[in-house]
Amino acid sequence: GDLLILVCDGTDHQFVVALDKRTGKIVWKQARQHLERAFARNPFCQMAYSTPLVQDIDGTPQLVATCADHVAGYDAATGKELWWMPYEGCSLVGRPSYGNGMFYVVGSIKLDHHAVYAVRPGQGQLKTEQVAWQNSVGMPHVPSPLLLGKELFVVKDSGTATCLDALTGKVVWKNRL
């Protein structure tokens, strides 16, 4: 629409802001929530570098952005947080993908062990049943998952490509590039 939306997940401040694309004035600004665990580990662990995804869900454009230790969905028009899902992590980079009624998100199960999650959007903190699957075997830290129909492709930082069944998370194939 008429917004330029920026995610700012630095070590000192974490927020999402929407600017009027013509004037640069702030339309809304939302502080990132749920960072207590990251801060307790180390304030440095609050940072992230992910590019958000805007996806229409039941008539509402949702901005979905990974954060240091969780992913959250926001109403893109107002900035109100709609849902969130915690994971362990710090310095997450991958951009979410969407299809098959799910967001595909790179997160972590521990600080140095990454996972891809298939998440059904909802309200508030997501319940276990809203996470359709997670796969943490050889998953990447930096690259974004690429969804093509019912296949999800990820490339590990060290150069291994994996094709996952997007509905189950099971490995279809894995090859060294």
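The values are calculated or read from the model by the stated rules, or taken from the named source; none is laboratory data. Since this is a predicted model, take the numbers as computed values, not measurements. No Cβ is skipped: glycine too gets one built from the backbone with ideal geometry, and neighbour counts run over all protein chains shown. We work out accessible area using only protein heavy atoms, side chains counted, and drop any ligands, DNA or RNA first. Shrake-Rupley method; radii C 1.70, N 1.55, O 1.52, S 1.80 Å.
Results, tabulated for the structure shown:
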item	result
Test item: Cα-centred dipole of region 68-149, Lys/Arg +1 and Asp/Glu -1 on Cβ, debye	140 debye
The chain, relative contact order [Cα under 8 Å, separation at least 6], %	13 percent
Rounded if a/c under 1.5, otherwise prolate or oblate - the chain, Cα gyration tensor axes	prolate
Estimated [θ] at 222 nm from DSSP helical runs (n ≥ 4, -39500 (n - 2.57)) normalised by residues in the chain, nearest 500	-1000 deg cm²/dmol
Accessible surface, 1.4 Å probe, highest first, among residues 57, 109	109, 57
Rounded, prolate or oblate (a/c below 1.5 giving rounded, otherwise prolate when a/b exceeds b/c) for region 112-162 by Cα gyration tensor	prolate
Percent accessible area from carbon and sulfur atoms, the chain, protein chains only, probe 1.4 Å	55 percent
Lys/Arg +1, Asp/Glu -1 at C-beta; the chain dipole; positive extreme among 109, 49, 139	139
Low-density loop positions, trypsin sites (Lys or Arg not before Pro), region 137-175 - DSSP coil, at most 11 other Cβ in 10 Å	170
Top positive-direction residue, dipole computed over the chain with Cβ charges, set 78, 63, 175	175
Residue pairs, from the table 29/127; 80/127; 29/150, whose Cα atoms sit over 29 Å apart	29/150
Accessible area expressed per residue, the chain, with surrounding protein chains retained (probe 1.4 Å, Å²)	48 Å²
For the chain, built as a Gaussian network whose Cα springs stay under 10 Å, the top-fluctuating residue of 131, 119, 93	131
Full-stretch length increase - residue 23, residue 77 - with 0.36 nm per residue and alpha-carbon distance subtracted	17.8 nm
